[in-house]
1. Only residues that are surrounded by fewer than 20 Cβ atoms within 10 Å (Cβ to Cβ) and in contact with a helix residue (DSSP H, G or I) (Cβ under 7 Å, 6 or more places away or on another chain): list them for segment 84-96, please.
2. If we scan segment 120-134, do we find a residue that is under 24 Å from the mean Cα position of the chain (by Cα) and either in a loop (DSSP other than H, G, I, E, B) or over 11 Å from residue 108 (Cβ atoms) (or both)?
3. If I filter segment 261-279 down to residues being within 15 Å of the ligand (Cβ to nearest atom) and within 21 Å of residue 205 (Cβ to Cβ), which single residue comes out as modelled with the highest pLDDT?
4. Would you confirm whether any residue within segment 288-297 is in a loop (DSSP other than H, G, I, E, B), more than 8 Å from the ligand (Cβ to nearest atom) and modelled with pLDDT under 95?
5. Any idea which residue in segment 298-318 is modelled with the lowest pLDDT, counting only those that are away from the ligand (no atom under 13 Å from the Cβ) and more than 25 Å from the chain's Cα centre (by Cα)?
6. Specify which of the listed residues (50, 112, 70) is at pLDDT 95 or above, more than 17 Å from the chain's Cα centre (by Cα) and surrounded by 17 or more Cβ atoms within 10 Å (Cβ to Cβ).
7. Scan segment 199-207 and give yes if some residue there is modelled with pLDDT under 95, over 14 Å from residue 134 (Cα atoms) and surrounded by fewer than 20 Cβ atoms within 10 Å (Cβ to Cβ), otherwise no.
8. Restricting to segment 223-239, give me the number of residues that are crowded, with 23+ Cβ neighbours inside 10 Å and under 16 Å from residue 316 (Cβ atoms).
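The values are calculated or read from the model by the stated rules, or taken from the named source; none is laboratory data. Here the structure is a predicted model, which means the values were calculated and not measured. So basically every Cβ, Gly included, is an ideal-geometry build from the backbone, and we count neighbours across all protein chains shown.
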Ligand code: SF4
């Protein structure tokens, strides 16, 4: 069952030379209740902009984000404040996302205070139980962010995101700034909390190993568009889009024996302020044809044994 659905979401920015850069271009997908949807792609592909536009931390240019019968893109401030209780975010930087002058009890309890939830003592108890939930000692409440390691600070950020019992969390590169050994601890914590609390997660990362570890479904982005989306097992074992195949080939720990041939990405992504008219991957794709250079492929279901997979590639057009 769909919890949140995104329809034709688009966000452009002004480039250095005044040209418009489409960071997110006509993106549509749904997030099901209780699932982790991994969003992966190279740096600059638009995945973070997508996460922020869904929550309206930045204003989309057009499109819809439907949640509980409400379009978040056209919602009023009051309506958005209500939905903020259900839709939260964990940012990448556990150092920058916590106010250094506030004690942890204040940081974690702030969403409860802003939404007028509970008395002072009820909020204090809730903060204690949230800290316990993320594996931090109760006396953390009286300490400042600088007294904690990077991994502990990300646990604090997770506790704060959980304060209002959200239905969906956008985790934006939430383990990228951490040491590899700490990354797996935080990933395991997020996976455990997802099961325990039954929430949905849009997990954004450039790291396919991380995405593979945590996702039920995976959306692959390239130059502001989703080029492949489907069940994680399908996407990881039988990638359809040439870009997904190349992305998988670039991860040493993902066996290439399952792919027919090692796919290498050559060249650079095109200038996002001046993308090619057809498939935006056509200048790097070894299978590009003249059709690819003229006509943009739609994201469509793949026939055959790729159950539930959609891809934007002319190779699969029927
Ligand atoms: Fe390659 Fe053409 Fe498919 Fe684009 S549409 S990925 S250029 S084969």
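1. Correct list: 95 only.
2. Among the residues of segment 120-134, at least one is under 24 Å from the mean Cα position of the chain (by Cα) and either in a loop (DSSP other than H, G, I, E, B) or over 11 Å from residue 108 (Cβ atoms) (or both), which makes the answer yes.
3. Keep residues of segment 261-279 that are within 15 Å of the ligand (Cβ to nearest atom), which gives 261, 263-267, 269-270, 275-279.
Now restrict to residues that are within 21 Å of residue 205 (Cβ to Cβ): 263, 265, 269.
On the way: 263: 65, 265: 75, 269: 84.
Filtering first and then ranking leaves 269.
4. Keep residues of segment 288-297 that are in a loop (DSSP other than H, G, I, E, B), which gives 288-289, 295-297.
Those left that are additionally more than 8 Å from the ligand (Cβ to nearest atom): 295-296.
Among the residues that remain, those that are also modelled with pLDDT under 95 are: none.
For segment 288-297, residues in a loop (DSSP other than H, G, I, E, B), more than 8 Å from the ligand (Cβ to nearest atom) and modelled with pLDDT under 95: absent.
5. Step one: filter segment 298-318 for residues away from the ligand (no atom under 13 Å from the Cβ), giving 301, 303-310, 318.
From the residues that got through so far, the ones that are more than 25 Å from the chain's Cα centre (by Cα) too are 303-305, 318.
Details: 303: 84, 304: 77, 305: 72, 318: 68.
Top of the filtered list is 318.
6. On the way: 50 fails: more than 17 Å from the chain's Cα centre (by Cα); 70 fails: surrounded by 17 or more Cβ atoms within 10 Å (Cβ to Cβ).
Selected residue: 112, the only one of 50, 112, 70 that is at pLDDT 95 or above, more than 17 Å from the chain's Cα centre (by Cα) and surrounded by 17 or more Cβ atoms within 10 Å (Cβ to Cβ).
7. The answer is yes; a qualifying residue exists.
8. Residues in segment 223-239 being crowded, with 23+ Cβ neighbours inside 10 Å and under 16 Å from residue 316 (Cβ atoms): 8 in total.
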